[in-house]
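Single-structure report; data block below.
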Amino acid sequence: MQKIAVLTSGGDSPGMNACIRAIVRTSIFHNTEIWGIRRGYEGLMDSEFVQMNTKSVANIIQRGGTILKTARSSRFMETEGLLVAAQNLKEQGIEGLITIGGDGTFRGALALQQHSDIKIVGCPGTIDNDLVGTDFTIGYDTAINTVVEAVDKIRDTAESHERLFFVEVMGRDAGLIALRSGIGAGAEAILIPETPTHIDDLIRRLEGGRKDKSSKIVIVSEHDDAGGAFAIAEKVKAKLPYYDTRVTILGHIQRGGNPSCMDRVNASRMGFAAVEALLEGRSGEMAGIVNKQVCFTPFEKAVKHLEELDQSLLRMVEILSL
Ligand code: F6P
């Protein structure tokens, strides 16, 4: 391949820049021209191509966000948009494309492949960790560390005021951010979309255990079936009026910040592997890391993220929060 391109799409995640850096430098090592596409699929339809070199990715491994910018695009899911994108790639002479993003990005890649003969390899970039074919997506480790740091701070004030806090975290329809960060922060309960939430059970848990606990923290994953953190807090307050409750929505701070070492290393390995895979002629697959080994998973499978959650972890949370 003479010419390949890279884009980031969907929600940004810490470590995307480390991945771009690996892709650019590996391509140059293999004497392949590497082009960046700004603003994801939106920029692809608007022909926002920019040639990259080793210097364009200097000093970015430590930076959060994505130097290529990103976007969510509904236009790209229409046939018209896909045809424009395919034509732009052809005119630019791009033979291979690396897409860094989450399930929406890979669904977009699948659609593009139906309208073009471009070869596409993906790298999993999302804080949600909701893709099949990799133990950890790029950004997940940083995001859970951000949550733990924030909850540690909330714990200080919760202890002083003897309060019950409901902390809402991101994850879309996956509870993996909530689960890991909740364990790491020593939460009293973790509510996730994968398991039904019963307010009476939650109350039983909050009332059970040590009576002399000064503070209690419930981590609520967005899109929990009992509602968001505010709605759940209200339902609990109605039954336990003597609790002094507060709600914190962590929001987009979870998507920013310098990537952790683990995210930088995983992103570098995946970006490096994605270029070599493209050059070997692979297409339609996502590069991931499972059991420390790089592996490839077809996009169709990667986006099916409703894998069984490790129920033993939830049981452990109940026991450890006594
Ligand atoms: O997919 C990443 C994510 O941060 C989700 O956890 C969250 O639901 C969503 O993106 C928020 O997207 P936006 O920034 O477009 O509001």
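Brief remarks on what is shown
- Restricting the stretch 1-89 to trypsin sites (Lys or Arg not before Pro) in coil, as DSSP defines it, with at most 15 other Cβ within 10 Å: 72
- When the Cα positions of 92, 61, 77 are compared along the charge dipole of the stretch 59-120, 61 comes out farthest toward the positive end, with charges on each C-beta of Lys, Arg, Asp and Glu.
- By the Cα gyration tensor, the stretch 58-143 has an equivalent ellipsoid whose semi-axes, rounded to whole angstrom, run 25, 15, 12 from largest to smallest.
- Cα-based Rg of the chain normalised by 2.2 N^0.38 Å, two decimals: 1.09
- Loop-located chymotrypsin sites (Phe, Trp or Tyr not before Pro) in the stretch 160-255 (DSSP state not H, G, I, E or B) with no more than 13 neighbouring Cβ atoms inside 10 Å: 242.
- Geometric descriptor of the stretch 56-212, per residue, is 156 Å³ (volume of the convex hull of the Cα atoms).
- Once the Cα atoms are used to define both axes, helix 79-92 deviates from the longest principal axis of the chain by about 50 degrees.
- For the stretch 143-255: rounded, prolate or oblate by the Cα gyration tensor [a/c cutoff 1.5]: oblate
- Computed magnitude of the charge dipole of the chain (debye, nearest 20; Cβ of K, R +1, Cβ of D, E -1): 680
- Against the chain, whose longest principal axis comes from its Cα atoms, helix 140-161 is set at around 20 degrees.
- Reciprocal mean inverse distance between Cα atoms of the stretch 91-183 - Kirkwood radius, Å: 15.6
- Simple point charges give the picture: +1 on the Cβ of Lys and Arg, -1 on the Cβ of Asp and Glu, and for the stretch 143-255 a dipole about the Cα centre of about 200 debye.
- The chain: angle of helix 311-320 to the longest principal axis, Cα-based, in degrees nearest 10: 40
- The stretch 143-255 - percent of accessible surface contributed by carbon and sulfur, probe 1.4 Å: 51
- Rounded, prolate or oblate (a/c below 1.5 giving rounded, otherwise prolate when a/b exceeds b/c) for the stretch 1-128 by Cα gyration tensor: oblate
- DSSP-defined antiparallel bridges as percent of all bridges, the chain, nearest 5: 20
- Choice from 18, 226, 267 showing the highest fluctuation, given a GNM over the chain with Cα pairs closer than 10 Å: 226
- Normalised by residue number, the volume inside the convex hull of the Cα atoms of the stretch 163-322 is 131 Å³ per residue.
- Heavy atoms of the protein chains alone define the surface here; on that basis the chain has 44 Å² accessible area per residue at 1.4 Å probe size.
- Sparse packing (at most 12 other Cβ atoms within 10 Å of the Cβ) combined with a DSSP loop state is found for the following GluC sites (Glu not before Pro) in the stretch 106-191: 162.
The values are calculated or read from the model by the stated rules, or taken from the named source; none is laboratory data. These numbers come from a predicted model, not from an experiment. Virtual Cβ from ideal backbone geometry, glycine too; neighbours counted across all protein chains shown. The accessibility values were calculated without ligands, DNA or RNA, using every heavy atom of the protein model including side chains. Shrake-Rupley method; radii C 1.70, N 1.55, O 1.52, S 1.80 Å.
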